[in-house]
Amino acid sequence: REPSIDLLQAFVEHWKGITHYYIESTDENTPAKKTDIPWRLKQMLDILVYEERQQVSSGEAGPCLEYLLQHKILETLCTLGKAEVLAQVQHPLLHYLSVHRPVQKLLRLGGACPGSLTEKEEVQFTSVLCSKIQQDPELLAYILEGKKIIGKKTSREPKALPKDIAGYRDKDCPHSDAPGKDPALDRELCGVPALSSHLPAETEGPENGPGESNLITSLLGLCKSKKSRVALKARENVLLLVSVASPAAATYLTQSTSCCVVIAEHLCQLYRSMPAFLDPADIATLEGISWRLPSAPSDEASFPGKEALAAFLGWFDYCDHLITEAHTVVADALAKAVAEKLFVETLQPQLLHVSEQTILTSTALLTALLRQLRSPALLQEVMAFLLGTDQQPAASDDSPHTLGTHLIMHCDHLSDEKPHERVIRSLVLQNLEGRLYVARGSPEPENYEDTLDLEEDPYFTDGFLDSGLQPSTKPPPAPATSSDGKTAVTEIVNSFLCLVPEEAKTSAFLEENGYDTYVHDAYGLFQECSSRVAPWGWPLGPAPLDSHVPERPFFEGRFLQVLFDRMARILDQPYSLNLQVTSVLSRLALFPHPHIHEYLLDPYISLAPGCRSLFSVLVRVIGDLMQRIQRVPQFPGKLLLVRKQLMGQIPGEHLDHQTLLQGVVVLEEFCKELAAIAFVKFPPHGPYLNFSPPPEGQV
């Protein structure tokens with residue numbers, strides 16, 4: 001490093017010392033680290049770095065760097081071992097063919113040995129390449145395609161380094177590839193005398209099979225490493241590459257390589273490695289696992305298949321992040337590959353299986369995936385997978401033709417925590433189009449009682465009225481019209497609040513958060529939901545009614561059919577199931593579409609013959625409740641006891657009629673929640689407009 005030392009001479013002497021060792025050495029078992037080779041390589045690297053610092057003002061390659069390029073030192077080192085020149089030298093080297101060849105060769109050698117002992121070094125090498133590509137994203141296409149972008153080789157240009165990839169030229173020795181030359185003589189001229197006899201035969205060059213083994217495929221192999229740090233670094237590098245990929249590189253990745261299929265197939269392989277049967281409760285404990293920390297949390301209870309499940313969910317989360325961050329071309333291709341390989345080919349047969357246990361496990365896994373999914377492109381593919389592409393309203397006698405219909409018939413439900421227009425349209429709106437649930441050809445009823453079949457409803461039978469039990473109020477009269485709409489709001493809210501009779505109410509005895517708390521929560525949820533669906537362009541008011549009698553009867557669709565059927569059985573179902581059903585219905589009621597609002601929250605709607613609404617279902621539940629109350633001794637006391645148990649105030653001892661009593665508690669709270677939603681969705685100056693929040697502490 002002394003200024004008096006001839007750097008080029010020292011550089012050449014160190015290189016000759018290395019080559020002469022391989023020529024003269026007879027002991028092939030001696031590790032390289034026990035020779036002077038590491039020291040000589042370090043000296044060569046220090047010389048290159050020192051020379052580059054001296055050349056920083058001119059911006060040109062120094063004599064030592066030119067010697068390295070012209071004499072194919074990296075290509076020789078690729079066969080003998082590895083070098084750190086790319087990492088520490090700032091001068092752009094990947095444009096040179098004499099650098100490109102050994103880089104491709106190292107990538108091919110590393111990718112060919114999964115689980116090798118050199119994984120740490122391999123990921124370090126690929127990380128260097130990725131950092132260079134991050135500085136100049138156009139390099140990715142050059143590294144991937146190799147020969148296709150190099151173009152014709154011309155005479156060397158030792159000083160200037162072209163910027164345009166399409167113009168990169170061979171900077172090697174001009175005689176190195178000339179026809180008729182003796183290879184041994186070429187190496188002699190390049191300062192590597194007769195070294196070829198001591199090196200293994202070269203394998204197929206990178207130009208012969210670009211795409212078969214390149215930077216991406218090498219990284220994907222390292223992503224599967226058992227060493228967590230190696231795998232994490234490789235995944236970060238793949239994420240970096242797909243996010244900075246140019247259109248040319250993105251197109252090449254999707255059309256000329258199998259990287260998207262490889263990523264999706266690894267996801268399917270992880271799925272198949274899990275036990276055939278997993279407890280849905282165990283699956284729920286690992287929901288939301290991150291690809292950066294794919295191992296199962298140590299504080300969670302262990303169960304068979306825990307590590308395999310964590311690996312699967314972690315890789316799915318990684319795929320989701322790749323699709324989110326990648327170039328659009330890559331994102332769309334990867335989303336289609338994941339949807340086809342995992343959802344259609346792997347998961348769908350399990351969801352349609354005849355075994356109930358298989359259906360439960362696969363449905364729980366699907367639910368976990370849906371909760372974890374964030375990328376718009378993959379969400380679009382999953383919606384097509386679940387709901388199909390048919391946008392026509394369903395008929396009650398239609399056979400199930402989409403996976404979503406099968407899942408609904410399995411009494412599963414989809415969460416609307418991440419609303420998607422296609423979901424809400426396919427499940428609900430397309431069946432409410434035309435408002436076929438509204439009676440045609442008859443005037444609006446003068447009072448609400450005219451809208452119900454009182455003779456057939458047990459809620460209004462003579463026997464019920466003679467029992468001495470009364471609802472908290474009679475069904476309210478039809479709301480009077482007013483310019484500000486306040487009367488209508490009051491009547492609608494009271495319709496839900498007064499639906500549960502006083503004998504079946506217990507919340508007031510425990511000083512719980514009442515209706516005003518529901519209003520506060522509903523206001524925030526409604527504002528959030530409205531902002532999310534604002535870009536969907538929903539109408540502000542319901543579609544006008546066609547006076548003609550519809551050609552087909554109204555059918556609410558499989559989704560609402562199952563929810564209404566479940567709601568009708570709320571007094572006979574498990575407590576946890578009732579919470580799920582009411583949660584989904586309240587989420588649906590929050591959507592600011594006029595048809596959803598009318599069908600789920602308007603008690604005064606004049607229903608067409610044979611139709612039902614959410615309110616009419618609740619009325620019949622109350623009628624059933626009032627008859628069953630008479631058969632439960634000490635009903636009020638037992639009901640209060642059950643509410644205290646659900647609140648954790650007293651031990652949960654089993655009581656007679658416990659399912660019924662728990663259902664009544666859920667029913668009371670659900671009616672308060674619906675009343676609050678109806679209140680916040682009706683602004684003071686007419687429906688579906690912006691409005692101010694209620695004053696703090698007031699309703």
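The order of 654, 593, 20 by accessible area, most exposed first and with a 1.4 Å probe, is 654, 20, 593.
Database remark: amide H of residue 607 closer than 5 angstrom to the amide H of 439 (H placed geometrically; neighbours at sequence offset of 5 or more, or on other chains; Pro and chain starts carry no H).
For the range 667-678, backbone phi angles converted through the Karplus equation (6.51, -1.76, 1.60; θ = phi - 60°) give residue-by-residue couplings of 4, 4, 5, 5, 5, 5, 5, 5, 4, 5, 5, 4 Hz, Gly and Pro being listed as x. Legend: residues 21, 604, sorted from most to least accessible area (1.4 Å probe; ligands, DNA and RNA excluded), read 21, 604. Phi angles across the range 490-498 convert, under the Karplus curve 6.51 cos²θ - 1.76 cosθ + 1.60 with θ = phi - 60°, into 3J(HN,Hα) values of 4, 5, 5, 4, 5, 4, 7, 5, 8 Hz, Gly and Pro given as x.
The Rg/Rh ratio for the range 214-253, using Cα coordinates for both the radius of gyration and the Kirkwood hydrodynamic radius, is 1.04. Residue 355 contributes about 30 Å² of solvent-accessible surface, heavy atoms of the protein only, 1.4 Å probe. Can you pull a Stokes-Einstein diffusion coefficient for the range 483-640 at 4 °C (1.567 mPa s), Rh from Kirkwood over Cα pairs, as a whole number of µm²/s? The estimated diffusion coefficient comes to 71 µm²/s. Here the 3J(HN,Hα) profile of the range 580-588, calculated from phi with Karplus coefficients 6.51, -1.76 and 1.60 at θ = phi - 60°, is 5, 5, 5, 5, 5, 5, 5, 4, 5 Hz, Gly and Pro shown as x.
Figure note: 631, 425, 235 ranked by solvent-accessible area, largest first, 1.4 Å probe, ligands and nucleic acids not counted: 631, 425, 235. Between the range 579-657 and the range 224-266, the alpha-carbon centres lie 51 Å apart.
The values are calculated or read from the model by the stated rules, or taken from the named source; none is laboratory data. Keep in mind it's a predicted model, so treat the numbers as computed, not measured. Protein only, heavy atoms only, side chains kept; ligands, DNA and RNA dropped before computing areas. Shrake-Rupley method; radii C 1.70, N 1.55, O 1.52, S 1.80 Å.
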